[in-house]
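Novice: Before I ask anything, here is the structure I am working with.
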Amino acid sequence: MGSMLSNEVNPNEDPMLFLHLAFTATLFAGLFQAALGLFRLGVIVDFLSHATIVGFMGGAATVVILQQLKSILGLEHFTHAADIISVMRSVFTQTHQWRWESAVLGFCFIFFLLVTRYFSKKQPRFFWVSAMAPLTCVILGSLLVYFTHAEKHGVQVIGELKKGLNPASLTNLVFVSPYMTTAVKTGIVVGIIALAEGIAVGRSFAMFKNYHIDGNKEMIAIGTMNIVGSFTSCYLTTGPFSRSAVNYNAGCKTAASNIIMSIAVMLTLLFLTPLFHYTPLVVLSAIIVSAMLGLIDYQAAIHLWKIDKFDFVVCMSAYIGVVCGSVEIGLVIAVAISVLRILLFVARPRTFVLGHIPNSVIYRNVEQYPNAKHVPGILILEIDAPIYFANASYLRERITRWIDEEEDRIKATGETSLQYVIMDMSAVGNIDTSGISMLEEVKKITDRRELQFILVNPGSEVMKKLNKSKFQNHLGQKWIYLTVEEAVGACHFMLSESKMNPKKDGSEGWNNV
């Protein structure tokens, strides 16, 4: 937001206008986010797969941990960039400014927080020990600094906090040209970024706690929060990862915790700010680090590697993108790879040959079931995806290749010559005009080879389009069956009739009402 607004207004020359533009951009971001929710566009949440969330959470947690090195090492100057290269450069170019006092204090508090969490997990009835640990650290740290004057020895403290609440900013919103255009553009861009991060954070914790989030409600909630915030001197915000993690580790279960937290913050700003003067920043960093460590799920990444290498690639892409770039880059890379995988699934659907399981009426993939037997004179194929323009050409070539391979196999084994090609369309949920053209071409190919093309169990949507395109009439109603068993039975009947009456070619079909 700052970089986009600074292209229009210099914050040093006109800080008040810059501030008012930030409030205005926040308003438009909130309106845009809420509109997405109202128009039911929460479907974008579905593109954040389990692998993406695992990588995103690990990457975001790593980034947040790296950012805490500033307070843990007692550094006064630190990079504002979030990528690991910038952070490491900032840390190791200032080794002469590292403060061992701050580092020792930080690691002691981190150790204390991790021990209390481990104890509460092992002894669930003492859950309050882990929940009280962060507040205990704040109190102990503040007392330690107050009595030892540690702030004079490199331990950074919060210092003086300004009392009071932010004033209302409704009258400060800017709706005049040319600034309004800048505010709208900035609001939409940062609104999308904040929404993606907020929903990703929400989806992450939903996965951890095994509950479902409604993407539309999340959008409306985040948008409403920013709209109201723009009226009270707040700039754009979203579901923050670090504070959500602290909330989660404290044992909070419902959104009521936010109400308590808001009241606590309000009372602190109004009356309690002097009490936090001596609170060391390293304690706050230790609380965040301890919360983040529990969100790096390396075991889930190993599990992905064992089960699905592509999901592991998606996971690591999200992790590396977040750690080496930014949250936005990591999400974009992971979602892009996931969408590419979807496109590959659609463009290259599975097709396989079905065989008959002995002593049953079941037909299954001959590669998966070794005891499935080829039916003499009949090739049974199954398509395991909708037929669209993206895969129509591939399917036509694949079906032709199956026919060629089946004829070669028959020649090698000396079985009955191929006469029927049955296509099981039970898994074909939809078809477009390119798919229908593909079926017409397959029909022509089988006609040229003097083979009968048969369809089995097309879905209702598929049948509607086959009727409208007249393909059903072209194929013949008598060559569409409900089950593979019925189609095979009809073919066997035709084959037996052909043997008894060679002059009859079986083109009359079988009544399959």
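Novice: Please compute the Cα-Cα pair-distance distribution of segment 78-200 with 10 Å bins starting at 0, giving whole percents from short to long.
Specialist: Reading upward from the zero bin: 9, 19, 25, 27, 16, 4, 0.
Novice: Hey, could you pull the Cα Rg and Dmax for segment 364-437, both in Å?
Specialist: Considering segment 364-437 through its Cα atoms, Rg and Dmax are 13.7, 39 Å.
Novice: Restricting things to alpha carbons, tell me how big segment 205-305 is in terms of Rg and Dmax, in Å.
Specialist: In Å, with Rg to one decimal and Dmax whole: 16.6, 53.
Novice: Would you work out the charge dipole size for segment 387-508 about its Cα centre, treating the Cβ of every Lys and Arg as +1 and the Cβ of every Asp and Glu as -1, and quote it to the nearest 20 debye? Display every interim value, and only then the final one.
Specialist: Details: 17 positive and 19 negative charges, 79 e Å.
With only Lys, Arg, Asp and Glu charged at Cβ, the dipole is about 380 debye.
Novice: Same structure again: Any idea what the relative contact order of the chain is, in percent, if you count C-alpha pairs under 8 Å spaced at least 6 apart? Kindly include the intermediate steps, with their values, before the conclusion.
Specialist: Values: 763 pairs, mean separation 96.0, N = 513.
Computed over the chain, the figure is 19 percent.
Novice: Given the C-alpha centroids of segment 175-223 and segment 92-159, what is the distance between them in whole angstrom?
Specialist: 33
Novice: What residue among Ile84, Met180, Asn12 has its Cα farthest toward the positive end of the dipole of the chain, where the charges are +1 on Lys, Arg and -1 on Asp, Glu, each on the Cβ?
Specialist: Toward the positive end, the furthest listed residue is Ile84.
Novice: Would you calculate the volume per residue, in Å³, of the smallest convex hull containing every Cα atom of segment 286-357?
Specialist: Details: hull volume 8.5 nm³, N = 72.
Spelled out: Cα convex hull of segment 286-357, divided by residues, is 118 Å³.
Novice: So, by mean Cβ neighbours within 10 angstrom, what's the order for 153-160, 213-220 with the highest one leading?
Specialist: Ranked from most to least packed, the peptides come out as 213-220, 153-160.
Novice: Something else about it: For the Cα atoms of the chain, what angle does the longest principal axis make with the long axis of helix 215-230, in degrees from 0 to 90, nearest 10?
Specialist: Once rounded, one gets 30 degrees.
Novice: Could you tell me how far the Cα centroid of segment 363-394 sits from the Cα centroid of segment 420-491, in Å?
Specialist: Centre-to-centre distance over Cα atoms comes out at 14 Å.
Novice: Can you order the peptides 453-461, 61-69 by their average number of other Cβ atoms within 10 Å per residue, highest first? List each step's numbers first, then the result.
Specialist: Numbers: 453-461: 18.6, 61-69: 21.2.
So the order, starting with the most tightly packed, is 61-69, 453-461.
Novice: How much of the accessible area of the chain, in percent, comes from carbon and sulfur atoms when a 1.4 Å probe is used? Show your work: numbers first, answer last.
Specialist: Working: 17430 of 27530 Å².
On the chain, the fraction of accessible area on carbon and sulfur atoms equals 63 percent.
Novice: With a ≥ b ≥ c taken as the square roots of the eigenvalues of the C-alpha gyration tensor of segment 1-152, please select rounded if a/c is under 1.5 and otherwise prolate if a/b is larger than b/c or oblate if it is not? Don't skip to the end; give the middle numbers.
Specialist: Details: a/c = 1.97, a/b = 1.29, b/c = 1.53.
Oblate, because a/c is 1.5 or more while a/b does not exceed b/c.
Novice: Please sort 269-275, 254-260 by packing, taking for each peptide the average over its residues of neighbouring beta carbons within 10 angstrom, highest first. Mind showing how you got there, number by number?
Specialist: Details: 269-275: 12.4, 254-260: 9.9.
In descending order of packing, they fall as 269-275, 254-260.
Novice: Pull up all non-local amide H partners of Tyr481: gap of 5 or more, or a different chain, and H-to-H distance under 5 Å with H placed in the peptide plane.
Specialist: For Tyr481, the qualifying residues are Leu455, Val456, Asn457.
Novice: Here is a follow-up. Considering the Cα trace of the chain, what is its radius of gyration and what is Dmax, both in angstroms?
Specialist: For the chain, the Cα-based Rg and Dmax read 32.7, 110 Å.
Novice: Something else about it: Give the accessible surface of the chain per residue, rounded to a whole number of Å², with probe radius 1.4 Å and ligands, DNA and RNA excluded. Before the final figure, lay out each step's value.
Specialist: On the way: 27530 Å² over 513 residues.
For the chain, the per-residue accessible area is 54 Å².
The values are calculated or read from the model by the stated rules, or taken from the named source; none is laboratory data. For clarity, every value in this text was computed on a predicted model and none was experimentally measured. In this analysis, Cβ positions are derived from the backbone assuming ideal geometry, glycine residues included, and neighbour counts consider all displayed protein chains. When the accessible area is computed, the model is the full protein with side chains, heavy atoms only, and any ligands, DNA or RNA have been set aside. Shrake-Rupley method; radii C 1.70, N 1.55, O 1.52, S 1.80 Å.
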